[in-house]
Amino acid sequence: MKDTYESPLSSRYADKEMKYLFSPDMKFRTWRRLWIALAEGEKELGLPISQEQIDEMKAHQDDINYDVAEAREKEVRHDVMSHVYAFGVQCPKAEPIIHLGATSCYVGDNTDIIVMTEALHLIEKKIVSVLRVLAKFARALRNQPTLAFTHFQPAQPTTVGKRATLWMQDLLMDLEDVRYQLSKAKLLGSKGTTGTQASFLELFDGDHQKVKALDRKIAEKMGFSGVFPVSGQTYSRKLDSQMLNILSGIAQSAAKFSNDIRLLQHLKEVEEPFEKKQIGSSAMAYKRNPMRSERIASLSRYVIADALNPAMTASTQWFERTLDDSANKRISIPEAFLAVDGILNLYRNVADGLVVYPKVIAQHLNRELPFMATENIMMDAVKRGGDRQQLHEHIRQHSMAASKEVKEEGKENDLLQRIADDPIFGITLEELKETVKPEKYVGRAPQQTLEFLDEVVAPVLKQYSDLPDDAVDINV
């Protein structure tokens with residue numbers, strides 16, 4: 001529909017798989033799976049629930065009668081009870097035992113946890129996909145000298161591949177956080193109105209062990225190893241905050257990468273992919289703007305800010321529950337996951353199509369390297385019998401003069417020629433050019449890159465060897 005607002009995160013950025021996880025179908029089908037798990041657990045623990053009732057519920061697990069639920073909600077103003085009613089219309093035999101002993105948060109909160117957990121698994125796969133692409137890039141360009149920058153001022157050279165390892169290390173830290181969060185995933189379970197399980201204790205005639213067993217059974221049936229040991233009516237909203245903090249971390253890593261690419265594209269050293277018919281500017285037809293990297297930065301900023309929402313919500317919950325979390329959760333959590341899904345799609349797309357211009361990189365490096373090589377030149381002259389203090393003063397004077405030519409006259413850096421023409425150094429221009437070969441000034445960057453890829457990255461990627469390496473499509 002063109003006359004109704006739709007979130008750009010859904011229409012432009014996120015993939016179908018992520019959008020499905022936060023869809024009504026996923027939500028309400030999961031509610032029904034939870035009601036089935038509850039009924040099965042209660043039956044197994046001795047409550048008078050028949051297999052026929054459970055089979056009837058399973059037969060209608062996925063065919064949600066939305067029209068009935070929506071009509072009912074207009075009457076009762078309660079989404080969970082409307083869907084209990086709609087499920088009961090389809091399952092008349094099971095209708096008396098649907099949602100038995102449970103409160104709304106049984107389906108609402110457990111579903112939220114299931115959805116976030118599945119979404120985090122999807123994010124995990126996409127981080128791995130980006131790491132694979134960056135690993136190939138870093139390995140291929142591990143020996144390519146380039147200017148490094150501190151404060152965006154030219155500094156001691158590094159290599160293009162080594163710079164890529166910095167992007168990868170950030171993502172590995174994010175992946176570690178994702179995996180840790182997944183390793184401790186827990187359901188809310190069946191805790192009741194204020195978390196005391198009083199309704200279930202009543203159902204099981206005061207049998208505490210059966211109440212505890214029901215909690216465990218529900219978790220197992222839904223694919224979780226355990227439940228939160230205690231809760232109010234809801235799971236602790238700190239979980240939402242933890243989830244979005246992880247997403248914020250991923251956004252921070254992606255934004256740093258995108259900013260580096262934008263700066264490199266300005267320098268004409270590295271460019272993001274640019275389609276044959278892509279338009280860079282409506283006015284300036286020659287332009288090749290780093291639009292995808294800018295989009296990464298833009299979406300990342302949104303996620304970083306969005307992470308404040310569940311933090312504030314977690315800090316303002318009253319006692320066993322308030323409802324001021326609900327509207328906020330419905331927006332902040334799905335939007336963050338959809339945004340990070342889009343960010344990682346863009347990250348993979350940009351990283352997989354980076355265009356490197358070695359001649360421009362060399363040109364920039366050659367302009368600055370003579371200044372950086374002056375200490376080596378001076379030390380070599382000292383070894384040949386020169387006076388260190390006199391040599392230092394001559395280097396200083398020549399450097400200032402050459403710098404003035406570059407900055408004020410726009411000329412090329414002629415420092416090497418000046419040194420070659422100065423008899424105090426006793427060295428030819430050809431010898432100087434040999435001295436200032438870029439590969440002599442990158443330190444251990446090539447070796448660090450290989451060590452990082454082989455010793456750190458490869459073992460991680462090996463754990464995901466069965467993960468398909470599908471390319472991603474971006475909509476805009």
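Remark: region 21-97 carries a charge dipole of roughly 160 debye about the Cα centre, counting +1 on each Lys and Arg Cβ and -1 on each Asp and Glu Cβ.
Judged by the mean number of other Cβ atoms found within 10 Å, the most tightly packed of the peptides 243-252, 385-394 leads the ranking 243-252, 385-394. Cross-link reach is defined here as a Cα-Cα straight distance under 24 Å, omitting same-chain residues fewer than 8 places apart; for K383 the lysines meeting it are K433, K437, K440.
Size descriptor for region 381-421, Kirkwood hydrodynamic radius: 10.9 Å (Cα pairs only, one decimal).
Considering every Cα-Cα pair within region 104-360, what fraction, in whole percent, is farther apart than 23 Å? Looking at region 104-360, the distances longer than 23 Å represent 59 percent of pairs. Within the straight-line cut-off of under 19 Å between alpha carbons, the aspartates and glutamates reachable from K268 are D260, E294, D352, E368, E412, sequence neighbours fewer than 8 places apart in one chain being disregarded.
Taking the Cα centre of the chain as origin and assigning +1 to Lys and Arg Cβ atoms and -1 to Asp and Glu Cβ atoms, the resulting dipole is close to 780 debye.
Here's how it looks for A155: its modeled amide H is under 5 Å from those of A148, F149, T150, which are all 5 or more places away or on a different chain. Protection proxy ranking, highest mean first, for peptides 438-446, 222-230: 438-446, 222-230, where packing is the per-residue count of other beta-carbon atoms within 10 Å, averaged.
Working note: Karplus 6.51/-1.76/1.60 with θ = phi - 60° gives region 76-90 the couplings 9, 6, 8, 5, 5, 5, 5, 7, 4, 4, 5, 5, x, 4, 7 Hz, where Gly and Pro are set to x. Near F274, no amide H atom lies under 5 Å from its own; only residues 5 or more places off or on other chains count, and H is placed 1.01 Å from N.
Helix 208-221 and the longest principal axis of the C-alpha atoms of the chain enclose an angle of approximately 50°.
Considering only C105, L21, A86, and ranking their Cα positions along the charge dipole of the chain that arises from unit charges at the beta-carbon of Lys, Arg, Asp and Glu, the one farthest toward the positive end is L21. The order of the peptides 206-215, 58-67 by mean Cβ neighbours within 10 Å, most packed first, is 206-215, 58-67.
Computed across region 21-97, the Kirkwood hydrodynamic radius from all distinct Cα-Cα pairs reaches 12.7 Å. Distance between the C-alpha centres of region 95-113 and region 427-476: 52 Å, rounded to the whole angstrom.
Across the chain, how large is the tail of the calculated P(r) beyond 35 Å, expressed as a percent of all Cα pairs? I get 50 percent for the Cα pairs in the chain exceeding 35 Å. Can you tally the net charge around F22? Count Lys and Arg as +1, Asp and Glu as -1, for every other residue whose Cβ sits under 15 Å from the Cβ of F22. Spelling it out: positives minus negatives among the neighbours equals -4.
Once the Cα atoms are used to define both axes, helix 358-372 deviates from the longest principal axis of the chain by about 60 degrees. Compared with the dominant principal axis of the Cα atoms in the chain, helix 326-352 is inclined by about 40°. With 23 Å as the limit on Cα-Cα distance, the pairs of K16/K256; K27/K329; K2/K27; K16/K221; K126/K191; K184/K238 that go past it are K16/K256; K2/K27; K16/K221; K126/K191. Across region 104-360, C-alpha contacts under 8 Å between residues 6 or more apart give a mean separation that, scaled by the residue count, equals a relative contact order of 21 percent. Candidate cross-link partners of K186 among the aspartates and glutamates, defined by an alpha-carbon separation under 15 Å and a same-chain spacing of 8 or more, comprise D109, D112, E118, D215, E220, D240.
Dividing the mean sequence gap of close Cα pairs (under 8 Å, 6+ apart) by how many residues region 361-468 holds gives a relative contact order of 25 percent. Just going by the charge dipole of the chain, with Lys and Arg at +1 and Asp and Glu at -1 on Cβ, which of L38, L141, V406 is farthest out on the positive end? Going by the charge dipole, the pick is V406. The mean sequence separation of alpha-carbon pairs under 8 Å and at least six residues apart, normalised by the residue count of the chain, gives a relative contact order of 18 percent. Converting phi to 3J(HN,Hα) with the Karplus coefficients 6.51, -1.76 and 1.60 and the offset θ = phi - 60°, region 248-254 yields 4, x, 5, 4, 4, 5, 5 Hz in sequence order, with x at every glycine or proline.
Phi-derived couplings, Karplus 6.51 cos²θ - 1.76 cosθ + 1.60 at θ = phi - 60°, listed residue by residue for region 123-128: 4, 4, 4, 6, 4, 4 Hz, with x used for Gly and Pro. In region 413-433, which residues have a backbone nitrogen under 17 Å from the label point lying 7 Å from R384's Cα in the Cα-to-Cβ direction? The answer is 415-433.
Read the figures in this text as sums done on the coordinates, not as results from a lab. The structure presented is a predicted model; accordingly, all values stated were derived computationally and were not measured. Positions of Cβ are backbone-derived with ideal geometry, glycine not excepted, and every protein chain shown enters the neighbour counts.
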